[in-house]
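Novice: Quick one: the structure is below, questions incoming.
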Amino acid sequence: MIDLYYAGTPNGLKLRLFMEETGLPHRVVRVNIGKGEQFKPEYLAISPNNKIPAIVDHAPADGGAPLSMFESGAILLYLAEKTGLFLPADLRGRAEVVQWLFWQMSGLGPMAGQIGHFNVYAPAVVPYAIERYTKETNRLYGVLDKRLADRDFIAGEYSIADIACYPWIVPHAAHGQDLDDFPHLRRWFEAIAVRPATIRAYEGVTDTYRRGAQISDEQRRVLFGQAAATR
């Protein structure tokens with residue numbers, strides 16, 4: 001059994017997608033990040049970066065003590081290796097998937113997250129930030145669109161690269177992007193959206209970066225106002 005520490009953000013939804021696709025036995029432990037539950041000592045023991053998602057695998061392959069992990073990309077890679085699913089076994093196929101997984105973690109997620117923040121949650125309009133992150137997110141959408149021009153999925157077969165990227169395309173309106181500008185990306189996005197596992201994973205989920213989302217000053221402080229802890 002795996003405990004999945006989860007909130008309905010794009011990074012959290014990556015793991016929900018993986019679990020629904022594989023049927024891997026798990027227990028969802030919801031973490032209310034708006035109330036600061038990610039800062040509780042018991043959660044920090046699992047996820048020292050105080051972010052979601054995180055997991056505790058109570059039956060790791062080595063037969064040892066429960067194994068905890070944080071960082072969504074690392075967790076996807078771990079679970080793909082554990083199950084033998086959505087990660088090719090051959091050297092070149094695995095390399096294709098891993099590099100696009102890292103691309104999402106280092107580029108698409110951070111840049112899309114920034115424009116989502118400045119478009120939806122920032123208390124003031126910051127034109128330079130909006131222009132900067134809109135353009136960079138547009139560039140990244142273009143990279144993915146070009147990649148998908150001659151293949152159904154990012155690395156050929158459906159993989160953890162697709163599972164990692166899809167939740168970060170869901171809020172495309174908040175990113176200031178029009179999928180009609182990226183026909184190959186749009187075709188890929190629509191194909192994943194109708195997969196039964198995707199429908200199950202997103203049931204009841206509210207788009208974190210939806211336009212017009214409202215948060216309180218306290219929630220903004222908890223989510224975006226943290227600095228390093230001091231003694």
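The values are calculated or read from the model by the stated rules, or taken from the named source; none is laboratory data. Quick caveat, the model's predicted, so the values are computed rather than measured. Neighbour counts run over all protein chains shown; Cβ positions are idealised from the backbone, glycine included.
Novice: Kindly indicate whether Pro123 is modelled with pLDDT under 95 and exposed (fewer than 13 other Cβ atoms within 10 Å of the Cβ). Reasoning before the result, please.
Specialist: Numbers: modelled with pLDDT under 95: yes; exposed (fewer than 13 other Cβ atoms within 10 Å of the Cβ): yes.
Against the criterion (modelled with pLDDT under 95 and exposed (fewer than 13 other Cβ atoms within 10 Å of the Cβ)), Pro123 qualifies.
Novice: Given the conditions (1) part of a loop (DSSP other than H, G, I, E, B); (2) in contact (Cβ under 8 Å) with a residue 24 or more places away in the chain; (3) of a type outside the set (Phe, Trp, Tyr); (4) surrounded by fewer than 18 Cβ atoms within 10 Å (Cβ to Cβ), which single one is not true for Asp62?
Specialist: (2)
Novice: Same structure again: Can you list the helices (runs of 4 or more DSSP H) found entirely within segment 82-186 that contain at least 1 residues being over 19 Å from Asn11 (Cβ atoms)? Explain how you work it out, then say what you get.
Specialist: Values: elements: 91-103, 109-116, 127-147, 160-169.
Per the criteria, 91-103, 127-147.
Novice: Right, something else. Only residues in segment 181-199 that are of a type in the set (Ser, Thr, Tyr) count as the first member; pair them with residues that are part of a helix (DSSP H, G or I), Cβ under 8 angstrom, at least 6 apart or cross-chain, and list the lot.
Specialist: Matching pairs, first to second residue: Thr198/Leu17; Thr198/Glu20; Thr198/Tyr166; Thr198/Ile192.
Novice: Working carefully through the options Gly225, Gly156, find the one that is at positive phi and not assigned by TED's automatic domain parsing to the domain that holds Pro41. Can you show your working first?
Specialist: Working: Gly225 fails: at positive phi.
So the residue among Gly225, Gly156 that is at positive phi and not assigned by TED's automatic domain parsing to the domain that holds Pro41 is Gly156.
Novice: Then there is this: Within the set of pairs 6 or more residues apart or between chains, which connect a residue that is on the phi > 0 side of the Ramachandran plot inside segment 164-178 to a residue that is assigned to a helix (DSSP H, G or I) with Cβ atoms less than 7 Å apart?
Specialist: What qualifies is Gly176/Ile115; Gly176/Asn119; Gly176/Thr134.
Novice: I would also like to ask the following. Inspect segment 146-155 for any residue being under 23 Å from Phe102 (Cβ atoms), out of contact with any helix residue (DSSP H, G or I) (no Cβ under 6 Å at 6 or more places or on another chain), touching a residue at least 24 places away in the same chain (Cβ under 8 Å) and surrounded by fewer than 18 Cβ atoms within 10 Å (Cβ to Cβ) and give the result as yes or no. Give the steps one after another, and end with the answer.
Specialist: Step one: filter segment 146-155 for residues under 23 Å from Phe102 (Cβ atoms), giving 146-155.
Still in the list and also out of contact with any helix residue (DSSP H, G or I) (no Cβ under 6 Å at 6 or more places or on another chain): 146-147, 150-152.
Checking which are touching a residue at least 24 places away in the same chain (Cβ under 8 Å) leaves us with 146-147, 152.
Subset that is surrounded by fewer than 18 Cβ atoms within 10 Å (Cβ to Cβ): 146, 152.
Taking every residue of segment 146-155 in turn, at least one turns out to be under 23 Å from Phe102 (Cβ atoms), out of contact with any helix residue (DSSP H, G or I) (no Cβ under 6 Å at 6 or more places or on another chain), touching a residue at least 24 places away in the same chain (Cβ under 8 Å) and surrounded by fewer than 18 Cβ atoms within 10 Å (Cβ to Cβ).
Novice: Taking Leu85 as the residue in question, decide whether it is surrounded by fewer than 19 Cβ atoms within 10 Å (Cβ to Cβ), touching an Asp or Glu at 6+ places or on another chain (Cβ under 8 Å) and modelled with pLDDT of 95 or more. Before the answer, list the steps.
Specialist: On the way: surrounded by fewer than 19 Cβ atoms within 10 Å (Cβ to Cβ): yes; touching an Asp or Glu at 6+ places or on another chain (Cβ under 8 Å): yes; modelled with pLDDT of 95 or more: yes.
Yes, satisfied.
Novice: If you don't mind, another one. Return a yes/no flag: does segment 12-28 have any residue that is of a type outside the set (A, V, I, L, M), closer than 27 Å to Gly113 by Cα, modelled with pLDDT of 95 or more and in contact with a Pro (Cβ under 7 Å, 6 or more places away or on another chain).
Specialist: Yes; the residues of segment 12-28 include at least one that is of a type outside the set (A, V, I, L, M), closer than 27 Å to Gly113 by Cα, modelled with pLDDT of 95 or more and in contact with a Pro (Cβ under 7 Å, 6 or more places away or on another chain).
Novice: Another question about this same structure. Given the criteria in contact (Cβ under 8 Å) with a residue 60 or more places away in the chain, surrounded by fewer than 16 Cβ atoms within 10 Å (Cβ to Cβ) and not aliphatic (A, V, I, L, M), does Pro110 qualify? If you could, list the steps in order and put the result at the bottom.
Specialist: Values: in contact (Cβ under 8 Å) with a residue 60 or more places away in the chain: no; surrounded by fewer than 16 Cβ atoms within 10 Å (Cβ to Cβ): yes; not aliphatic (A, V, I, L, M): yes.
Spelling it out, it is not the case that Pro110 is in contact (Cβ under 8 Å) with a residue 60 or more places away in the chain, surrounded by fewer than 16 Cβ atoms within 10 Å (Cβ to Cβ) and not aliphatic (A, V, I, L, M).
Novice: Also, I was wondering about something else. Do we have any residue at all in segment 91-102 that's under 20 Å from the mean Cα position of the chain (by Cα), buried (at least 22 other Cβ atoms within 10 Å of the Cβ) and not hydrophobic (A, V, I, L, M, F, W, C)?
Specialist: For segment 91-102, residues under 20 Å from the mean Cα position of the chain (by Cα), buried (at least 22 other Cβ atoms within 10 Å of the Cβ) and not hydrophobic (A, V, I, L, M, F, W, C): absent.
Novice: So, in segment 193-209, of the ones that are loosely packed, with under 13 Cβ neighbours inside 10 Å and under 21 Å from Val31 (Cβ atoms), which residue ends up modelled with the highest pLDDT? Even if it seems obvious, please write down each step before you answer.
Specialist: So the first thing to find is which residues in segment 193-209 are loosely packed, with under 13 Cβ neighbours inside 10 Å, and the list is 194, 196, 199, 203-204, 206.
Narrowing further to those that are under 21 Å from Val31 (Cβ atoms): 203-204, 206.
Working: Glu203: 96, Gly204: 91, Thr206: 82.
My answer is Glu203.
Novice: Would you pick out the residues in segment 10-45 that are assigned to a loop (DSSP other than H, G, I, E, B) and either free of Cβ contacts under 8 Å to residues at least 40 places away in the same chain or within 18 Å of the chain's Cα centre (by Cα) (or both)? Please lay out each step first, then the result.
Specialist: Our first condition is that a residue be assigned to a loop (DSSP other than H, G, I, E, B); within segment 10-45, this holds for 23-25, 31-32, 36, 40, 45.
Correct list: Gly23, Pro25, Val31, Asn32, Lys40, Ala45.
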